[in-house]
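Have a look at the structure below, then the notes.
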Amino acid sequence: MTMTCERARELLDALALDALDEPEASAVAEHLSSCAACGLEFEEAREAAGMLALAAPAHRLGDGTRARVLEAVQERPSPVRLPRPRMRMALAAAAVLLVAGLAAWGTFLQLRVNHLDSKQAVLGPTDPAAALMALAIQPDAKIADLTSSSGQAGGRYAWYSGGPGVLVSHDLPALPPGHVYALWFVGDGRASLGGTFQPDASGRATLLVQSPPGYFDTIRVAMHASDAVTAGSGQVVLQGQE
Amino acid sequence: MALSTAVHWQVVREVGGPAAESIGGPLPARLPVDYSVLADDDLVERMCRADGEAFRALFERHADIVYSLALRIVVQRPVAEDIVQEVFLKLWRRPSLFDASRGKFVTWLLSVTRNRAIDERRVRSRWFHQELPSPFGEEVLPASDATDPARGAILADERVAVRGALATLPPDQRLAIEMAYFGGLSQSEIAAQLGLPLGTVKTRTRLAMQKLRTALAGREDPVG
């Protein structure tokens, strides 16, 4: 049902505070995207919400942290500097490990990898193995470690700007019937779904994300009921920072 | 009125021809830039060209307010310091993340800070079972020592305005929006924590924000 302006205006202040629950938050956001008047009012609410930051007691950042930040910037003179050589080596190593791991999954994957080995240059991201090998040669590729607060589950997410991303995870708990894992990208107050997947019997899983969001600062793997894969719900199993 | 050195040399060159250039020393390569007078948007644009001094100016200008907000949310100083470092280094690595057409830089910067701090708070409470102290306890006495006295005065005025507006709110309404903004709680979570009906929380939030918006209407955006 389409949300009315009257209803949207009742809720947009809570949305500006990022305090609105789903599915109302999505419904209001959808209304705001098509209603200029409500959109304007939402901007006013967001500005007011933003000013709440000034209600925080004023403190001066310590000299130690100031120096650390400025030194870190000096170590990286260019905002577009390439990752350190050990990052590229780590990516190449991860690609090798992934290829070896996938080979154990079945004849089909082994044949596919062998076929891809015979090709040259950048491989299209048609499957996680191909995508990870393509990642390994990208100068701006990144890796984020995902960890669990309990148990042995863990994972890594690799990506490069404008390209696909690959999640490789291990020791994931078995899923109850009717459940899936979902990969979420969280940033700037929003959560984007990267995809859903199920691990194998040993708890391993890979997921290829064809079009990850342009900006995120947190990556999460959460367990959801299959019919309830929504942001903010589910049990977070793995988490990592960009 | 004396011309600046660069303008004087330009005039001499145009009027006197080659002979005139023999007068005095070489032209200055370029005039020094006073970063402290540049607007935030200009500094970010310079950062996109790897201008480290532009970053330094932005950092010195906003580090304290970013730290203050992070500390208010996560309460623990080392955690807040890490957040400040993370936010600014991310800005240095990807200055293009800020889109000037979508609003003021400081508003965006504080939004990024808040989101990061809320996330950290949630991770520590849900993932690692760390209970952070409540951000709603007694206020620590402010100890601001702005590096830029002029901007510090503006910031102090804005801070007074916001606090004044909050002080006019009934305590239950103020708590509702503070739990949302500084605690990162949804309305249903606030209702659960306070043992109130969801509808009550929604009403308090809406009334509080309407009063806040009215009280702040017409004021300049903080340190923008």
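The values are calculated or read from the model by the stated rules, or taken from the named source; none is laboratory data. Keep in mind that this is a model prediction, so the values were computed, not measured. Don't worry about glycine lacking a Cβ; one is built from the backbone with ideal geometry, like all the others, and counts go over all protein chains shown. Side chains are part of the model used for accessible areas, which takes the heavy atoms of the whole protein and leaves out ligands, DNA and RNA. Shrake-Rupley method; radii C 1.70, N 1.55, O 1.52, S 1.80 Å.
Summary of computed values
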quantity: Residue in segment B:194-202 that is buried (at least 17 other Cβ atoms within 10 Å of the Cβ), assigned to a helix (DSSP H, G or I) and either within 9 Å of chain A (Cβ to nearest Cβ) or at pLDDT 80 or above (or both) present; calculated: yes
quantity: Candidates B:A50, B:A80, filtered to the one that is in a loop (DSSP other than H, G, I, E, B) and in contact with a Ser or Thr (Cβ under 9 Å, 6 or more places away or on another chain); calculated: B:A50
quantity: Enumeration of residues in segment B:68-90 that are within 23 Å of B:A50 (Cα to Cα), of a type in the set (A, V, I, L, M, F, W, C) and at the interface with another protein chain (Cβ under 9 Å from one of its Cβ atoms); calculated: B:V84, B:F88, B:L89
quantity: Filter pass, A:G50 being surrounded by 13 or more Cβ atoms within 10 Å (Cβ to Cβ), over 19 Å from B:R174 (Cβ atoms), small (G, A, S) and modelled with pLDDT of 90 or more; calculated: no
quantity: Every residue from segment A:221-242 that is within 13 Å of chain B (Cβ to nearest Cβ) and either without any contact (Cβ under 8 Å) to a residue 24 or more places away in the chain or open to solvent by less than 50 Å² (accessible area, probe 1.4 Å) (or both); calculated: A:V221, A:A222, A:A231, A:S233, A:G234, A:Q235, A:V236, A:V237, A:L238, A:Q239, A:G240, A:E242
quantity: Hey, B:Q173 over 20 Å from the mean Cα position of the chain (by Cα), open to solvent by less than 20 Å² (accessible area, probe 1.4 Å) and not hydrophobic (A, V, I, L, M, F, W, C) or not; calculated: yes
quantity: Check on B:S101, farther than 22 Å from A:L17 by Cβ and more than 9 Å from every other protein chain (Cβ to nearest Cβ); calculated: yes
quantity: Of the criteria (1) touching a Cys at 6+ places or on another chain (Cβ under 6 Å); (2) buried (at least 23 other Cβ atoms within 10 Å of the Cβ), which one B:A70 fails; calculated: (1)
quantity: Selected residue [out of contact with any Cys (no Cβ under 9 Å at 6 or more places or on another chain) and within 14 Å of chain B (Cβ to nearest Cβ)] from A:T218, A:T196, A:T206; calculated: A:T218
quantity: Within segment A:13-44, tally of residues that are at the interface with chain B (Cβ under 9 Å from one of its Cβ atoms), surrounded by 21 or more Cβ atoms within 10 Å (Cβ to Cβ) and not in a loop (DSSP other than H, G, I, E, B); calculated: 3
quantity: Residues (farther than 25 Å from B:V66 by Cα, out of contact with any helix residue (DSSP H, G or I) (no Cβ under 7 Å at 6 or more places or on another chain) and within 11 Å of chain A (Cβ to nearest Cβ)) located in segment B:167-191; calculated: B:E189
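For every residue, the table says whether it meets (1) open to solvent by 40 Å² or more (accessible area, probe 1.4 Å); (2) more than 25 Å from B:V123 (Cβ to Cβ); (3) modelled with pLDDT of 65 or more.
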{"site": "A:A103", "(1), (2), (3)": "no, yes, no"}
{"site": "A:V122", "(1), (2), (3)": "yes, yes, no"}
{"site": "A:G154", "(1), (2), (3)": "no, no, yes"}
{"site": "A:L183", "(1), (2), (3)": "no, no, yes"}
{"site": "A:G187", "(1), (2), (3)": "no, no, yes"}
